[in-house]
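Below is one structure; the comments refer to it alone.
The values are calculated or read from the model by the stated rules, or taken from the named source; none is laboratory data. Keep in mind it's a predicted model, so treat the numbers as computed, not measured. Here the Cβ positions follow ideal geometry from the backbone for every residue, glycine too, while neighbour counts run over all protein chains shown. The protein model used for the area step is the full one, side chains on, heavy atoms only, and it has no ligands, DNA or RNA in it. Shrake-Rupley method; radii C 1.70, N 1.55, O 1.52, S 1.80 Å.
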Amino acid sequence: MTSSVKIPWVLAVAAALALGWGLLWAGYFSESPGDTEGEAPFYADFDLTAHTGMFMTEEDFAGQWKLIFFGFANCPDVCPTTLSEVAAVMDGLGPDKEKVQPLFITVDPERDTPEVLANFVPRFDAGIIGLTGTPEQTARTAENFYIYYEKVEEAAAPGDYTMGHSSQLFLFGPDGGYVTSWQYGTPAEEILADLRERISS
């Protein structure tokens, strides 16, 4: 494994831990991050540009379940692996996939223009919408979702940098409220079973 692969992997794991502690500290999860009985702790909130060039907000997906993942197009392993899992989940949903919209939000607005995302997200053939914005919009979105991201110098990476970022896959309900999240590496079968149960309940 090369150093360019090791760095984002280590940072992604560290970021996931940082997110968990940050949410606990903020009081958004009283006991378990996956338990949302009662009022949802926070809501999907963004105003970004899709890979199609359209400006979109969370209101464009009202009434749908939303699978949301943060990453970047130059990510060597975590992002494509997770998006492949999302594609498998969407395929496994069958007719119920119309109830779910997967979203990929970049944490690398400097490189990930709508054109770049238009070449990236359709590769996974799962109806994923890629979203990007200005650095200010990206920072605001990350704050709204309580996720971590950071530019890390890496000579072997495109542009001489890579991105460390939170690696959870988030699920938000039809009302936009947070429902649960799955850590990086959770098998698609497990995510699919959980999602099916929630959609049918």
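How many residues does region 162-198 contain that are surrounded by fewer than 16 Cβ atoms within 10 Å (Cβ to Cβ) and either over 20 Å from Thr141 (Cα atoms) or among the aliphatic types (A, V, I, L, M) (or both)? Final tally of qualifying residues: 9.
Condition check ((1) within 18 Å of Leu48 (Cβ to Cβ); (2) among the polar types (S, T, N, Q); (3) surrounded by fewer than 17 Cβ atoms within 10 Å (Cβ to Cβ)) across all residues:
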position: Phe72; (1), (2), (3): yes, no, no
position: Glu85; (1), (2), (3): no, no, no
position: Asp96; (1), (2), (3): no, no, yes
position: Pro114; (1), (2), (3): yes, no, no
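Considering each residue of region 18-35 in turn, at least one proves to be modelled with pLDDT under 90 and in contact with a Leu (Cβ under 6 Å, 6 or more places away or on another chain). Checked against the criterion of being modelled with pLDDT of 95 or more, touching a helix residue (DSSP H, G or I) at 6+ places or on another chain (Cβ under 8 Å) and either hydrophobic (A, V, I, L, M, F, W, C) or open to solvent by 10 Å² or more (accessible area, probe 1.4 Å) (or both), region 135-145 has no qualifying residue.
Every condition in (1) under 17 Å from Phe104 (Cα atoms); (2) among the hydrophobic types (A, V, I, L, M, F, W, C); (3) surrounded by fewer than 18 Cβ atoms within 10 Å (Cβ to Cβ) holds for Val152 except the one numbered (1). Within region 159-174, residues that are without any contact (Cβ under 8 Å) to a residue 12 or more places away in the chain sit with their Cβ atoms under 7 Å from residues that are open to solvent by 10 Å² or more (accessible area, probe 1.4 Å), at 6+ positions apart or across chains, in these pairs: Asp160/Glu153; Asp160/Glu154; Tyr161/Lys151; Tyr161/Val152; Tyr161/Glu153; Tyr161/Glu154. Taking the stated definitions as given, is Pro158 under 18 Å from Gly53 (Cβ atoms) and open to solvent by 10 Å² or more (accessible area, probe 1.4 Å)? For Pro158, the condition - under 18 Å from Gly53 (Cβ atoms) and open to solvent by 10 Å² or more (accessible area, probe 1.4 Å) - is not met. Let me confirm something: among Val152, Val121, which residue is of a type outside the set (D, E, K, R) and either part of a strand (DSSP E or B) or in contact with a Ser or Thr (Cβ under 7 Å, 6 or more places away or on another chain) (or both)? It is Val152.
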